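Derivation of every value follows stated rules applied to the coordinates shown; laboratory data play no part. On a predicted model such as this, the values are computed, not experimentally measured, just so you know. We place every Cβ from the backbone using ideal geometry, glycine too, and count neighbours over all the protein chains shown.
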Amino acid sequence: MKLSPHFTFEELTFSQIAERNSFNNEPQDPEIIGNLKYLAGRLEEVRDVLNYPMLISSGYRSPAVNRVLGSKPTSFHTRGLAADFHCPDFGNPYEIVSTLHGSDIQYDQLICEYDRWVHIGFVRESEKPRRQTLIIDRNGTRPWE
């Protein structure tokens, strides 16, 4: 099911962890499904800035998938409000984060993770986004500079 012109429900709920562990990673909660539609719309904004297709590696995560990954229970992925992606036609994660950090996209959190992927999370319209930008690598977690 298309959630936006370039992003589908299947793409934002696919999980290799879920497949390997026979977990159901499709949300049933209407609020989470609504959040995924909202996320898809926000990812369209990111795609417009990058001007290339994005490859989503992680969108929604069920609580079971999130536990296996060792992620925090408060992860925006569990609410359908975050995605991890890369965009090789645009550049590496550092270049992507640098570009998005300088854009007017109202993300809540943007993270360059290990120079392998980019994490982006959003809050709903009723909340104020922090526009927090971080880098996580072998030296730890620190603010983007």
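Here are some notes:
- Difference of contour (0.36 nm per residue) and Cα-Cα distance, Lys2 to Ser22: 4.8 nm
- As a rough guide to protection, the peptides 25-36, 74-85, 52-63 ranked by mean Cβ packing within 10 Å, highest first, stand as 74-85, 52-63, 25-36.
- Spatial separation of Cα centroids for segment 25-58 and segment 72-145, in angstrom: 13 Å
- Label zone (Val49, point 7 Å along Cα-to-C-beta; backbone nitrogen cut-off 15 Å) within segment 106-145: 106-113, 118-123, 129-135, 144-145.
- For Lys37, the lysines whose Cα falls under 22 Å of its own Cα, not counting residues fewer than eight places away in the same chain, are Lys2, Lys128.
- Crossing angle, helix 30-50 versus the chain [Cα axis fit, 0-90 degrees, rounded to tens]: 30 degrees
- Alpha carbon convex hull of the chain, volume per residue in cubic angstrom: 113 Å³
- Beta bridges per DSSP, both residues in segment 4-145: antiparallel share near 75 percent.
- Estimated dipole of the chain in Debye, rounded to 20 [Cβ of Lys and Arg +1, of Asp and Glu -1, Cα centre]: 440 debye
- Mean residue ellipticity, 222 nm, helices only, the chain: the sum of -39500 (n - 2.57) across DSSP H runs of n ≥ 4, divided by residue count and rounded to 500, is -9500 deg cm²/dmol.
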